[in-house]
1. State whether one or more residues within region 345-362 are free of Cβ contacts under 8 Å to residues at least 40 places away in the same chain and part of a strand (DSSP E or B).
2. Search region 260-276 for residues that are under 12 Å from MET233 (Cα atoms) and pair each with any residue that is assigned to a helix (DSSP H, G or I) and of a type in the set (Val, Ile, Thr) when their beta-carbon atoms are under 6 Å apart and the residues are at least 6 apart or on different chains.
3. Need pairs with beta-carbon distance below 6 Å; first residue under 19 Å from ALA183 (Cβ atoms) and within region 220-235, second of a type in the set (Val, Ile, Thr); sequence gap 6+ or separate chains.
4. Within region 251-296, count every residue that is open to solvent by 30 Å² or more (accessible area, probe 1.4 Å), within 11 Å of the ligand (Cβ to nearest atom) and either of a type outside the set (Ser, Thr, Tyr) or over 21 Å from ALA331 (Cα atoms) (or both).
5. Any residue that is within 15 Å of the ligand (Cβ to nearest atom), in contact (Cβ under 8 Å) with a residue 12 or more places away in the chain and either of a type outside the set (Gly, Ala, Ser) or part of a helix (DSSP H, G or I) (or both) - is there at least one of those in region 308-319?
6. Have a look at ARG363, ARG332, ARG370, ARG390 and point out the one that is within 16 Å of the ligand (Cβ to nearest atom) and not polar (S, T, N, Q).
7. What's the total number of residues in region 309-333 that are in contact with a helix residue (DSSP H, G or I) (Cβ under 9 Å, 6 or more places away or on another chain) and under 23 Å from ALA191 (Cβ atoms)?
8. Please determine, by comparing only the residues of region 297-307 that are more than 13 Å from the ligand (Cβ to nearest atom) and within 21 Å of the chain's Cα centre (by Cα), which one is nearest to SER222 (Cα to Cα).
Amino acid sequence: MEDQLLVVNCGSSSLKLAVFDQGRRKLVSVLAERLNTDEASARISGTAETIPLPDNGSYERVLAALVEALKTRGILCRDPVAIGHRVVHGGETFRGAALIDDQVVAAIDHCASLAPLHNPVNLAGIAATRALYPEVPQVAVFDTAFHQTLPPKAFRYALPETYYRDWAVRRYGFHGTSHYFMAQEAARLLARTHDTTSIISAHLGNGCSVAAIRNGRSVDTSMGLTPLEGLVMGTRSGDVDPSLFDYLAGKGLSAAEVHKTLNKQSGLLGLSGESNDMRTLCDLAEQGHSGAALAIDVFCFRLARYLGAMTASLTALDALVFTGGIGENSARVRQQTVEHLSLLGITLDSVANARNGADTEGRINAAESRYPVLVIPTNEERVIAEEALRLARSTQSPSTD
Ligand code: AMP
């Protein structure tokens, strides 16, 4: 039986485990959703098979139940050789993945004030697997780490210096693992080396962000102190005038209410009044729904503005890359966005675009386009598995043979 790796992704109401082999192939994943509600459920990917969950289960108990289910089905046959954890916020402390020990746990906890909904649950997952597998090396892979190469002109807000110095107020950026993956894959598809490849990457899922990646290093990105900044997203507004808080306070809304609205009831959902789901909105727009069409228009225009903004950080562009549920699947969104970029000379091949680049190794640009455009299905879990294995191996004493 080949050695295996476990990837753990703990969200605020979900817990996902993925099992990889050392050839970087995902064998299976299990997903528990709607945790801490009466409708909590778990199932194995690609099947209708459900896994019983403990009542009122803590993350520790849910994780133990999922691991047990993998074991009894003969999927996880012995202890994994390493366990990788997705951790949302690494602040300025983590510029790359980290082998987890008590000090790293304390540092992740220290960053929790920057991501109060995420880091504590990420830590709960880490505690659970450390209890279950005390001898197995565990690695934290941070959403923020890839963007730690941003220069100060890109990461500082024009705010009093003390906000940055005393309260760590700066732009961090997120989806770093996905942007890193796009940079690696784009270099491979273009037959170039990663550290000489410059791309603009767009991760468009329920959360959305773009990044400018210069010679393999992130130099600008659209998300900021939190994932709220930047693009229009499923339920997040992206950029708004910060004076909105004060203005709406005058209308009787508290900061907490506005914050919740900007995160949960805005974006595609707020604009369309119907749905946060791009597929649904594309269908509705086809049927003449004006709110859905407006939501798509604002989404694509804001995205195009940000793609243009990313060129300010680059001296060369080897490809524009799309990923995420929308970026990988919506020909309409890609086409509508690129139409705003005609000044950059970017054009799409309508057939390749409609096929999501399936027959063209991801390429969807027209022959006359000034820059290549690629669709690359993201694979953050694979990056986490690779990082876990790399750091776990670095702890092993060198072989003598
Ligand atoms: P993710 O968070 O990466 O899973 O992406 C979720 C988003 O991708 C949702 O808005 C989906 O509606 C969107 N999506 C998935 N498939 C399609 C599709 N074929 N066309 C348009 N949007 C899609």
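1. Initially, region 345-362 is screened for residues free of Cβ contacts under 8 Å to residues at least 40 places away in the same chain, giving 345-360.
Cutting the leftovers down to part of a strand (DSSP E or B) gives us 348.
Yes: region 345-362 contains one or more residues that are free of Cβ contacts under 8 Å to residues at least 40 places away in the same chain and part of a strand (DSSP E or B).
2. If the second residue must be assigned to a helix (DSSP H, G or I) and of a type in the set (Val, Ile, Thr), the pairs left are LEU271/VAL298.
3. Listed pairs, sorted by first residue: SER222/VAL210.
4. Adding up the residues that qualify gives 5.
5. Step one: of region 308-319, the residues within 15 Å of the ligand (Cβ to nearest atom) are none.
Within region 308-319, none of the residues are within 15 Å of the ligand (Cβ to nearest atom), in contact (Cβ under 8 Å) with a residue 12 or more places away in the chain and either of a type outside the set (Gly, Ala, Ser) or part of a helix (DSSP H, G or I) (or both).
6. Working: ARG363 fails: within 16 Å of the ligand (Cβ to nearest atom); ARG370 fails: within 16 Å of the ligand (Cβ to nearest atom); ARG390 fails: within 16 Å of the ligand (Cβ to nearest atom).
The match here is ARG332.
7. Number satisfying all stated conditions: 8.
8. First, pick out the residues of region 297-307 that are more than 13 Å from the ligand (Cβ to nearest atom): 297-298, 301-307.
Now restrict to residues that are within 21 Å of the chain's Cα centre (by Cα): 302-307.
On the way: ARG302: 11, LEU303: 10, ALA304: 12, ARG305: 11, TYR306: 7, LEU307: 9 Å.
That would be TYR306.
The values are calculated or read from the model by the stated rules, or taken from the named source; none is laboratory data. All figures in this text were calculated on a predicted structure; none of them were measured in a lab. Reconstructed Cβ throughout: ideal geometry from the backbone, glycine too, with neighbour counts over all protein chains shown. These area figures cover heavy atoms from the full protein model, side chains too; ligands, DNA and RNA do not enter into them. Shrake-Rupley method; radii C 1.70, N 1.55, O 1.52, S 1.80 Å.
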